[in-house]
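Written out below as structure tokens is the structure these notes cover.
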Amino acid sequence: MNRATFPRAASPQRLRIAPEPASLRTVSDWLHAFASAHSLSPDDTYRLDLCAGELVTNILDHSGAPSRDHLIELVLSQGERRVRLEILDTGRPFDPGEHLATTPPPGPDAPPGGWGLRLVRRFSDGWEYERAGGHNRTTLEFEVAGLAQAASRPKVERGPDRRQAFPESHAPWRRADGTATGGNERSGTDRRAAGVLAQFEMFRGVPYALLEQLLAKCVVARFGTETVLLRPGDRNDAIAFVLEGRLRVHLGTLDSRDHVPVDRGRFVGELSVIDGDPVSAFVVAEAGTRVLLVDSQTLFTRLLPIESVNRSFLRVLTARVRRSSERIVEQLRATLALEQLQRDLRVAHDIQLGMLPNPEAFFPDRDDVDCAAAIRIAQEVGGDFYDVFFLDERHLFLTIGDVCGKGLSAALFMVRALTLLRTEATRRGGGRVAPLARIVERVNRQLFERNEASLFVTLFCAVLDTATGRLSCVNAGHNPALLGAPGQDFTPLDVARNTVVGILGDIGFRCTDVQLPPGSVLVLFTDGVTEAESETGEQFGSVRLLATLDAASGGSSTDVVHAAVDAVVTFSGSAPRTDDIAVLALRFRGADSL
Amino acid sequence: MEMRHETLEGEITVVALCGRLDLEGTQAVDQKFSFLTTSRTGRFLIDLTEVPYIASIGIRMLLMTARSQMQRGGRIALVVPEGMSRQVLETAGIGQVVPMCVDIDSARDTIAAG
């Protein structure tokens, strides 16, 4: 008998590794040795290597704190044109399939993670997970081009087969390419089907002779190419037992990857046979699959009256109902978890905005400066921020920043950056305000430490000496600030460029001093302003921004900020906003106005 | 894991990675690579011809660079010959973010145009 599954006798190969990153290379070397010994193709070797690497990486990421008791074991076995890789570990329960189902798909704008399991799904030919005996066990299957030691089956001469009594009741089947199979495709070997069936759960305990007699009336269909057996809405009058190969049940569309495999010894079609209703899913036979079709009459009048068959059949049905109930409960739980997450995000949004100073109430008691700001966050939580506060009676600190990336990780990084800026800016050295470059350097060093996600922030920081109008600026990879001197158009401030903050630890930042004439307006903004796109994909750009600011420069800081934000919003129209926008304006009235 | 870089005509920086972009390989080169490719806006060609294997951690590193350049108006293209690594990158949808070319010449044309 041709066996597509794994004989227990196949020599398994085992590897035990410690849960540490260095083990990944050991796994890779071990797989390459196996692949070489079994003449696997380079592509198949790559798939094994990739999937094993991703799953082991996941175990390292999700298994909790490292402990001496935590072990990972990999077991390889091979069948005909197939390789099976089992990965066991003693860490916390972790179901990769469930994890994948509850993680949003990665995309160009999503946090840069979550690819690993998707790669495994794409590059393996199926996985199963179970938690048993304190172990996670994930089993991956690979159909491979190598391992070609399977000789063709000996041809069995077939004479007239008196047992093919009702071959016309099921064939022909439609193939995926639109052609149809012939009639009963029973081969000589299939006469031994009853012998195989006797091992199946449903027929356990039924005498061989009785099985053969019963099943002789049924059709064996063989599918050389991938074939669609049933589509939703079809009528179905037979249960299909898989003798060899595999059927796939697709619940959504035919090309959905979320399918349920039905392997050798298992069956499909029982629901529509029992209630006579149309089929509710696609059933596809993979190439090389053979199924035994038991029509409803044989099932009800011959098989089910046998008590042991009846019990087995009901047991299988019950198990399926239970599994589907469990699935419903799992989905419900995931939905509830998602709702909770969305509630949490809304709270995070409020907390984040609450951290920024209220833009309507900047220094009402100061006559020498007039300051205003506005921020629009594109998603629930954002990465843009601004801040402005007096370091002492005389020195005003102002900053605007943009964290690379979006979503929760960017938002948390933004909170760290903002908190560090406040701490470092207000730190006194000998009672004096620290030089601005030192402040940014300290913030950079602390953000760089414990920055596993390699996030970074672009920053524009400035300290205005309100007594002299001297403005010290540090620009760390951010857009230039714009200055509108009285009676002149806005122009970018010429400030030394520095690298972004958070990526490199020990670097210096260059500070540039400029003189603000009394009455001038300084505008800081994030790139969401100039890079906002219209419905036709055109960018707002710096020319439009400068023109908008020039037109508004006679008004208060609040007028200037609102003019800029309104212009961007009008320009974008109904185009989706993908980036946060933040604007901060400061009018320096001059020391004399005190 | 090794990294080389050179500047071509037209201010295009070619960064060639050599070795496996698995966890170890990516960690070995990540800092250097990110600094070179994200600390200024410019035109970058990432040559993966000599990368025989790429895992999700490597995809993540490339994506961070691509995103950071594109957010700031820089241009970036990958050189990835046909093969499994290309399929892996395609599965991750990198092609939607960055052009993937089969050799340096076509990548240079892609990045120089527009």
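Is it the case, given these coordinates, that A:ASP392 is part of a loop (DSSP other than H, G, I, E, B), touching a strand residue (DSSP E or B) at 6+ places or on another chain (Cβ under 8 Å) and either within 27 Å of A:ILE439 (Cβ to Cβ) or not basic (Lys, Arg) (or both)?
yes
Select, from A:THR289, A:THR301, the only residue that is buried (at least 20 other Cβ atoms within 10 Å of the Cβ) and either hydroxyl-bearing (Ser, Thr, Tyr) or modelled with pLDDT under 85 (or both).
Of A:THR289, A:THR301, the one residue that is buried (at least 20 other Cβ atoms within 10 Å of the Cβ) and either hydroxyl-bearing (Ser, Thr, Tyr) or modelled with pLDDT under 85 (or both) is A:THR289.
Just to check your reading of the model, which residue among A:ARG450, A:ARG422, A:ARG427 is surrounded by fewer than 18 Cβ atoms within 10 Å (Cβ to Cβ), of a type in the set (Lys, Arg) and within 33 Å of the chain's Cα centre (by Cα)?
The match here is A:ARG450.
Per-residue answers, yes or no, for (1) of a type in the set (A, V, I, L, M, F, W, C); (2) surrounded by fewer than 17 Cβ atoms within 10 Å (Cβ to Cβ); (3) more than 12 Å from the chain's Cα centre (by Cα):
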| site | (1), (2), (3) |
| --- | --- |
| B:MET1 | yes, no, yes |
| B:LEU8 | yes, yes, yes |
| B:LEU17 | yes, no, no |
| B:LEU23 | yes, no, yes |
| B:GLN31 | no, yes, yes |
| B:PHE35 | yes, yes, yes |
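Given the conditions (1) under 30 Å from B:ASP30 (Cα atoms); (2) assigned to a loop (DSSP other than H, G, I, E, B), report the number of the one that A:ALA476 does not fulfil.
Condition (2) is where A:ALA476 drops out.
Write out, first by first residue and then by second, each pair whose Cβ atoms fall under 7 Å of each other, whose residues are 6+ apart or on separate chains, and whose first residue, in segment A:94-120, is facing another protein chain (nearest Cβ under 8 Å) and within 18 Å of A:THR57 (Cα to Cα) while the second is part of a loop (DSSP other than H, G, I, E, B) and modelled with pLDDT of 75 or more.
A:PRO106/A:TRP115; A:TRP115/B:ALA92
Yes or no, residue by residue, for (1) of a type in the set (Lys, Arg); (2) over 41 Å from the mean Cα position of the chain (by Cα):
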{"residue": "A:ARG497", "(1), (2)": "yes, no"}
{"residue": "A:ILE507", "(1), (2)": "no, no"}
{"residue": "A:LEU524", "(1), (2)": "no, no"}
{"residue": "A:GLU535", "(1), (2)": "no, no"}
{"residue": "A:THR558", "(1), (2)": "no, yes"}
{"residue": "A:VAL561", "(1), (2)": "no, no"}
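Can you give me the number of residues within segment A:240-271 that are surrounded by fewer than 19 Cβ atoms within 10 Å (Cβ to Cβ), without any contact (Cβ under 8 Å) to a residue 24 or more places away in the chain and in a strand (DSSP E or B)?
The total comes to 1.
Taking segment A:506-550 on its own, how many of its residues are of a type outside the set (Phe, Trp, Tyr) and surrounded by 16 or more Cβ atoms within 10 Å (Cβ to Cβ)? Don't jump to the end; show me each part of the working.
Start the filter on segment A:506-550 by keeping residues that are of a type outside the set (Phe, Trp, Tyr), which leaves A:506-508, A:510-524, A:526-539, A:541-550.
Keeping just the survivors that are surrounded by 16 or more Cβ atoms within 10 Å (Cβ to Cβ) gives A:507, A:511-512, A:514, A:516, A:520-524, A:526-533, A:542, A:544-546, A:548-549.
Residues that pass the stated criteria total 24.
I'd like the residue in segment A:554-584 that is of a type in the set (S, T, N, Q) and modelled with pLDDT of 90 or more and, out of all such residues, is surrounded by the most Cβ atoms within 10 Å (Cβ to Cβ).
A:SER557
Going residue by residue through segment B:44-54, is there one that turns out to be acidic (Asp, Glu), assigned to a helix (DSSP H, G or I) and either out of contact with any Leu (no Cβ under 6 Å at 6 or more places or on another chain) or under 24 Å from A:GLY502 (Cβ atoms) (or both)?
no
For segment A:383-396, which residues satisfy the criterion of being over 13 Å from A:PRO357 (Cα atoms) and away from every other protein chain (no Cβ under 14 Å)?
Matches in segment A:383-396: A:LEU391, A:ASP392, A:GLU393, A:ARG394, A:HIS395, A:LEU396.
For segment B:30-48, how many residues are touching an Asp or Glu at 6+ places or on another chain (Cβ under 8 Å) and either facing chain A (nearest Cβ under 9 Å) or of a type outside the set (Lys, Arg) (or both)?
Of the residues in segment B:30-48, 1 are touching an Asp or Glu at 6+ places or on another chain (Cβ under 8 Å) and either facing chain A (nearest Cβ under 9 Å) or of a type outside the set (Lys, Arg) (or both).
Residue-by-condition table, conditions (1) at pLDDT below 85; (2) surrounded by 15 or more Cβ atoms within 10 Å (Cβ to Cβ); (3) within 9 Å of another protein chain (Cβ to nearest Cβ):
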site	(1), (2), (3)
A:SER11	yes, no, no
A:VAL27	no, yes, no
A:ALA37	yes, no, no
A:SER63	yes, yes, no
A:PRO66	yes, no, no
A:ASP69	yes, no, no
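On the given criteria, is A:ARG235 basic (Lys, Arg) and in contact with a strand residue (DSSP E or B) (Cβ under 9 Å, 6 or more places away or on another chain)?
For A:ARG235, the condition - basic (Lys, Arg) and in contact with a strand residue (DSSP E or B) (Cβ under 9 Å, 6 or more places away or on another chain) - is not met.
For the condition in contact with a helix residue (DSSP H, G or I) (Cβ under 9 Å, 6 or more places away or on another chain), farther than 15 Å from A:LEU391 by Cα, in the same structural domain as A:ASP580 (by TED's automatic domain parsing) and part of a loop (DSSP other than H, G, I, E, B), what is the one hit in A:LEU447, A:LEU408, A:LEU455, A:LEU459?
Checking each option against the conditions leaves just A:LEU455.
Go through segment A:495-513 and count every residue that is in contact (Cβ under 8 Å) with a residue 60 or more places away in the chain and not in a loop (DSSP other than H, G, I, E, B).
Residues meeting the conditions: 1.
If you go through segment B:99-110 one residue at a time, do you hit one that is of a type outside the set (Lys, Arg) and touching a Gly at 6+ places or on another chain (Cβ under 9 Å)? First the steps, then the outcome.
Of segment B:99-110, the ones of a type outside the set (Lys, Arg) are B:99-107, B:109-110.
From what is left, the residues that are touching a Gly at 6+ places or on another chain (Cβ under 9 Å) are none.
The answer is no, given that none of the residues of segment B:99-110 is of a type outside the set (Lys, Arg) and touching a Gly at 6+ places or on another chain (Cβ under 9 Å).
Quick one: in segment A:135-153, which of the residues that are modelled with pLDDT of 80 or more and assigned to a loop (DSSP other than H, G, I, E, B) is nearest to A:PRO93 (Cα to Cα)?
Out of the qualifying residues, it is A:VAL144.
Need at least 2 residues that are in the same structural domain as A:SER409 (by TED's automatic domain parsing) per element, so show me which strands (runs of 3 or more DSSP E) inside segment A:280-377 make the cut, counting only ones lying wholly within it. Give the steps one after another, and end with the answer.
Values: elements: A:282-285, A:289-295, A:369-376.
Because the criterion is at least 2 residues that are in the same structural domain as A:SER409 (by TED's automatic domain parsing), the strands (runs of 3 or more DSSP E) in segment A:280-377 that meet it are A:369-376.
Please determine whether any residue of segment B:61-71 is in contact with a helix residue (DSSP H, G or I) (Cβ under 9 Å, 6 or more places away or on another chain), over 17 Å from A:SER454 (Cβ atoms), buried (at least 18 other Cβ atoms within 10 Å of the Cβ) and facing chain A (nearest Cβ under 10 Å).
No, the conditions are met nowhere in segment B:61-71.
Being under 21 Å from A:ALA372 (Cα atoms) and part of a loop (DSSP other than H, G, I, E, B) is the filter here, so list the residues in segment A:533-578 that pass it.
A:SER553, A:GLY554, A:GLY555, A:SER556
Filter segment A:304-350 for residues that are among the β-branched types (Val, Ile, Thr) and in contact (Cβ under 8 Å) with a residue 24 or more places away in the chain; which is surrounded by the fewest Cβ atoms within 10 Å (Cβ to Cβ)? Walk me through it before giving the result.
Quick first cut of segment A:304-350, residues among the β-branched types (Val, Ile, Thr) only: A:306, A:309, A:316, A:318, A:321, A:328-329, A:335, A:347.
Subset that is in contact (Cβ under 8 Å) with a residue 24 or more places away in the chain: A:306, A:309, A:316.
Working: A:ILE306: 18, A:VAL309: 21, A:VAL316: 15.
Only one residue tops the list, namely A:VAL316.
Take segment B:38-58 and flag every residue that is modelled with pLDDT under 90, of a type in the set (Val, Ile, Thr) and surrounded by 17 or more Cβ atoms within 10 Å (Cβ to Cβ).
Selection gives B:THR38, B:ILE57.
The values are calculated or read from the model by the stated rules, or taken from the named source; none is laboratory data. Fair warning: this is a prediction, and the values are worked out from it, not measured in the lab. Backbone-built Cβ (ideal geometry, glycine too); neighbour counts: all protein chains shown.
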